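Please read the structure below before turning to the comments.
The values are calculated or read from the model by the stated rules, or taken from the named source; none is laboratory data. Model, not experiment: these values are computed from the prediction. Here Cβ is always computed from backbone atoms with ideal geometry, including for glycine, and neighbour counts include all displayed protein chains.
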């Protein structure tokens, strides 16, 4: 839970909210086919759930002064991976800052698969 004070009171933002916000933006990027589970617990959860969760493959850590985001994605075959990673990085930094006011210090994009 990330909490910070404003002149109107305390604002609490959960890592789950940030993961879902980031997941929506990443999956809408050109060249991204989907997200890949980041740990065995998520893999097991995805096998038993009927639909894939939007926050699969996303890890958010840090505090209100800045967060670190780790993404595990699957890209489309033949796409420029550097361009996709740069686009995702800028989009995540912009959206998180715009929606929450929290600065993203680092975005780590890991390509775990390629689909045709």
* Structure fact -> Flagged in segment 52-71 as at pLDDT 80 or above and either touching a helix residue (DSSP H, G or I) at 6+ places or on another chain (Cβ under 9 Å) or not in a strand (DSSP E or B) (or both), in numbering order, are 56, 57, 58, 59, 60, 61, 65, 67, 69, 71
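Could you check, for segment 42-51, whether at least one of its residues is in a helix (DSSP H, G or I), within 15 Å of the chain's Cα centre (by Cα) and either under 23 Å from residue 3 (Cα atoms) or modelled with pLDDT under 85 (or both)?
Within segment 42-51, one or more residues are in a helix (DSSP H, G or I), within 15 Å of the chain's Cα centre (by Cα) and either under 23 Å from residue 3 (Cα atoms) or modelled with pLDDT under 85 (or both).
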* Asked: What about residue 107, is it within 19 Å of residue 64 (Cα to Cα), assigned to a helix (DSSP H, G or I) and in contact with a helix residue (DSSP H, G or I) (Cβ under 6 Å, 6 or more places away or on another chain)?
  -> no
* In segment 78-96, residue farthest from residue 17 (Cα to Cα) [restricted to those that are without any contact (Cβ under 8 Å) to a residue 24 or more places away in the chain and in contact with a strand residue (DSSP E or B) (Cβ under 7 Å, 6 or more places away or on another chain)] -> 89
* Asked: Out of all the residues in segment 84-96, which are closer than 15 Å to residue 59 by Cα and out of contact with any helix residue (DSSP H, G or I) (no Cβ under 6 Å at 6 or more places or on another chain)?
  -> 89, 93, 96
* So residue 81, is it in contact with a helix residue (DSSP H, G or I) (Cβ under 8 Å, 6 or more places away or on another chain), at pLDDT 90 or above and surrounded by 13 or more Cβ atoms within 10 Å (Cβ to Cβ) -> no
